[in-house]
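Report on the structure given below.
The values are calculated or read from the model by the stated rules, or taken from the named source; none is laboratory data. Worth saying up front: this structure is predicted, and the values here are computed from it rather than measured. Quick reminder, even Gly has a Cβ in these numbers, built from the backbone with ideal geometry, and neighbours come from all protein chains shown. Protein only, heavy atoms only, side chains kept; ligands, DNA and RNA dropped before computing areas. Shrake-Rupley method; radii C 1.70, N 1.55, O 1.52, S 1.80 Å.
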Amino acid sequence: MKKKQKKKHYGLVRKLLWILWTPLLLVGLILVAVLGVFLAGLYSVEYEKDEYIVASSGYEDLDTFYLNDSYRLVVTDSECLPIAEKFNGYIERILGTPFTVVSVKGSEPYIELLVQADLDCDYRFSSDNVNITVAANDKDHLLRGSYAFLEEFGGIRCYTKDLIAATSDKIFFPKKTGGYTQEYCDYFEMRDTDWISAKDDEYSWFRGYNTDEYRYQIYNQQSTETKEQAETRIADQYAYYTSLGGRSQYISDFCHTFSSQFLSASKYYDKGLNLECYALDADGNRRRDELCLSNSKTLEIVKQEVFDLLENKHDDDNAYGVFYDRNAPLQIISLTQSDDLTACKCKDCVSYAKAHGGYSATNLRFVNQIAQAVKDAGYDNVAFDTFAYRYTRSAPTDIVPLENVIIRLCTIECCSSHYIDDEDCLANKAFMKDLADWSKICDRIYIWDYCTDFSYFMTPFPNLNVLAHNIRVYYEHNVKGVYEEGNYTLEKDGVDPEFGELRSYLISKVMQNPYCDYQAVMQEFCNAYYGAGGEDMYAFITKADTYAGRKHLNIYKHPTLILDCSQEERNELNELFEHAKSVATGTALEHVKSTELSWRYYKMVNRLFEFSDITQYDVLQEHLIIDIYTQTKGSRFHEVESNCFTAGILQTAIIDLRPLFDLVVGNFIYGP
């Protein structure tokens, strides 16, 4: 296993610096506070098969046999035909011709796709050394098993939604005496991210992302169609999605539902209704953005709203405009606190929290009561997620989640440049204690993780190695689902700052197998996506992760503080992009340039390289803004403008205050 990353310890030198710089620090903090408002803001590719360098299959030491166009594709259940059609389309890409689809086995060799409900795994590949069976416990896993077969034995690689490559013209399968069998069980029941390609249906099916938050949308009547046309289209789309199996489905809003979706402040608070249901602050005032979870009226209203939701989106799975499926393996309703930092301060909420280990207890008691009522009503495939977030992050005492309650534990305070189980990183050590405590009382923990800079979306955020390692740690601590929140603002095809497409691919691979060789996964992706520039891009990732690991990295870090490296090391990073651009061609070159947007942004903020020339700075800054604006459809253009406008302000001060600011804030949150 890779050794844990280490951070610098300044020891006595840091203490002396602290004494000498204290007066300046006070002045600096005032300046930082004034500046704070400014600093908070911003294809289908054709390659020849032999251009791809793929990782080892792992089957080199086994005997194998090969499938050819004489094989038949056996599908005995007509409900599996849509899956067979998708599978056969990729077969044609590999062999040049699809298999003939039959419903009955004959004398010809065959590969069979079937659902076998009593299977003791999620999907299975088996063979008698001639014929192959791909079996799964439901249609969703049959689709995923089919794609896994294509990837494992046919060389199909779904790198991005626009780069699904056939890297081989052969399909093989292991052979041994008595036949060969390979089984797979999900490591996580919920797998999701919002990086670029993961919002695409086909990519998500292939990569195993399985919630509907960012995909599977069926839209209402469009301006170009009549009501009858819309109803026909919606029915067809609904039937198509259903034919491909189920998935984890949020039938409520995705998060922060208290006072927004449930007991909506606009419906009640703003009209002066049921004010006692809203949180009390320390001054005795009712707040519109959070609920009082000890009030019986709050429970009554929210419970009724939950049952109304179930009636519309579970009992009626043909709800107009959106695809809902009462037979989905899992439907989730989110009962989650607002994105605020304080809980209700009323007497009942406070006393219960004190008696049971914190506000997580007050929250959990409320959610459990609704979950029990829904379970008693017979909704067996419905679960409730609730946050362990900020003031509810620590596990309670003397109360446990019901089996249909999911604890969604959030890593928002954690350090992203050190492994989550690095005991020398105090923020991560505290999180691991909370994870261990929740694991003792809950068998259904989901992680809400963060893998971008949420104050500066365009800046580099070097945590790819940490990201992959952490998913493995989550699995080993009883976690059942992971959501990796990334740069959800990206909207335009082709934009890929901060290795967004690689992140989406890597996350899916590690979620499917936390013990995979994620370095090999990254290398293969870089070679495919960046072409001849792939080695440079992989080297950049490795070096940047190392430099970031010398300090702590939170998800709101200013770009001037992201990398702890010398000018010589910055030169190396810059040269890697320059060389990649010089050797990559065609679409691969465009990928390099798109990824480089983050590095150009970093250089602009820090006034490095071409941006160090004050006579050219404004022109180069304008070019960068235009490039970012063009590639992101302007979705966050106001932030980009703000970040560019204030870029370098800390550096242009008479005294560079960044190290002092980082020293105080970093030590306070993460430890020395």
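Filtered by the rule that a residue be buried (at least 20 other Cβ atoms within 10 Å of the Cβ) and not in a helix (DSSP H, G or I), the range 591-625 gives no residues. With respect to the conditions (1) of a type outside the set (D, E, K, R); (2) part of a loop (DSSP other than H, G, I, E, B); (3) closer than 30 Å to residue 138 by Cα, residue 415 lacks only one, and its number is (3). For the range 551-590, filtering for residues that are under 17 Å from residue 462 (Cα atoms), of a type in the set (Lys, Arg) and assigned to a helix (DSSP H, G or I) leaves 1. Scanning the range 436-475 for residues that are assigned to a helix (DSSP H, G or I) and within 22 Å of residue 254 (Cβ to Cβ) returns 438, 467, 470, 471, 474. Residues that are within 27 Å of the chain's Cα centre (by Cα), among the small types (Gly, Ala, Ser) and either at pLDDT 95 or above or open to solvent by less than 50 Å² (accessible area, probe 1.4 Å) (or both) are absent from the range 339-358 altogether. Of all residues in the range 568-590, those satisfying the criterion of being closer than 25 Å to residue 466 by Cβ and open to solvent by 30 Å² or more (accessible area, probe 1.4 Å) are 568, 569, 570, 571, 572, 575. Checking each residue in the range 162-199 for being of a type outside the set (Val, Ile, Thr) and open to solvent by 50 Å² or more (accessible area, probe 1.4 Å) picks out 169, 170, 175, 176, 178, 183, 185, 187, 189, 199.
The residue that is surrounded by the fewest Cβ atoms within 10 Å (Cβ to Cβ), among those in the range 359-401 that are of a type in the set (Lys, Arg) and within 28 Å of the chain's Cα centre (by Cα), is 390. Every condition in (1) closer than 22 Å to residue 203 by Cα; (2) touching an Asp or Glu at 6+ places or on another chain (Cβ under 9 Å); (3) buried (at least 21 other Cβ atoms within 10 Å of the Cβ) holds for residue 523 except the one numbered (3). Would you check if there is a residue in the range 245-253 being more than 19 Å from residue 483 (Cβ to Cβ) and loosely packed, with under 15 Cβ neighbours inside 10 Å? No.
Can you tell me which residues in the range 254-271 are open to solvent by less than 10 Å² (accessible area, probe 1.4 Å) and closer than 22 Å to residue 382 by Cα? Residues satisfying the conditions are 257, 258, 262, 263. Taking the conditions (1) modelled with pLDDT under 95; (2) under 18 Å from residue 255 (Cβ atoms); (3) part of a helix (DSSP H, G or I) in turn, residue 310 satisfies each one other than (2).
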